[in-house]
């Protein structure tokens, strides 16, 4: 007598469903542009078999797992400061600390991305050295 297990019908087809579900997860992970295309993915089928005392019946547990590629890491730069004695951070949007820039909407923004509402407020930061008297 030979042993043949058809996973399409084993456990009323549940084994095949589990295998196909994990393969689908792997394929979706491969298709995800946020993962490394070179990373190896695996599908593991584990059959755990336990016999009864008379060794006539074997309870079989089917477990299917997949190991997927993690999402690629992303990075950014934070500007550190202090507010009431506590350290605070904000994402640097402009490329250089203290530098204003034009955001995607064409608005003038601070280095943290906060839109500068009042055009005159931005002008107050400009120093006209031509009007200052020389100390010589």
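Just so you know, all these numbers are worked out from the coordinates, no wet-lab data involved. Just so it is clear, the model here is predicted, and its values are computed rather than measured. We place every Cβ from the backbone using ideal geometry, glycine too, and count neighbours over all the protein chains shown.
Things worth noting here:
- For the chain, the longest principal axis of the Cα atoms and the long axis of helix 14-31 meet at an angle of about 30 degrees.
- Ellipticity at 222 nm from helices only: DSSP H runs of n ≥ 4 in the chain, each -39500 (n - 2.57), divided by the residue count, give -5500 deg cm²/dmol.
- Surface/4 of the Cα convex hull for region 79-118, nm²: 3.1 nm²
- Pairwise FRET efficiency - residue 50 versus residue 20, Cβ, R0 = 30 Å, nearest 0.05: 0.70
- The value of relative contact order for the chain, using C-alpha pairs under 8 Å at least six residues apart, is 13 percent.
- GNM top mover of 25, 55, 41 - the chain, alpha-carbon springs below 10 Å: 55
- Value of Rg/Rh across the chain [Cα atoms, Kirkwood radius]: 1.43
- Across 38, 67, 54, mean-square fluctuation computed from a Gaussian network of the chain (C-alpha pairs under 10 Å connected) peaks at 54.
- GNM flexibility winner over the chain from 85, 95, 13 (Cα, springs under 10 Å): 85
- One chain, two ends: residue 39 and residue 112. Fully extended at 0.36 nm per residue, the span grows by 22.8 nm beyond their Cα-Cα distance.
- Stokes-Einstein translational diffusion, region 40-89 - Kirkwood Rh over all Cα pairs, 1.002 mPa s, 20 °C, in µm²/s: 129 µm²/s
- What the Cα atoms of region 10-67 give is an Rg and a Dmax of 15.8, 53 Å.
- Point-to-point label distance, residue 83-residue 63, nm (Cα→Cβ direction, 7 Å offset): 4.6 nm
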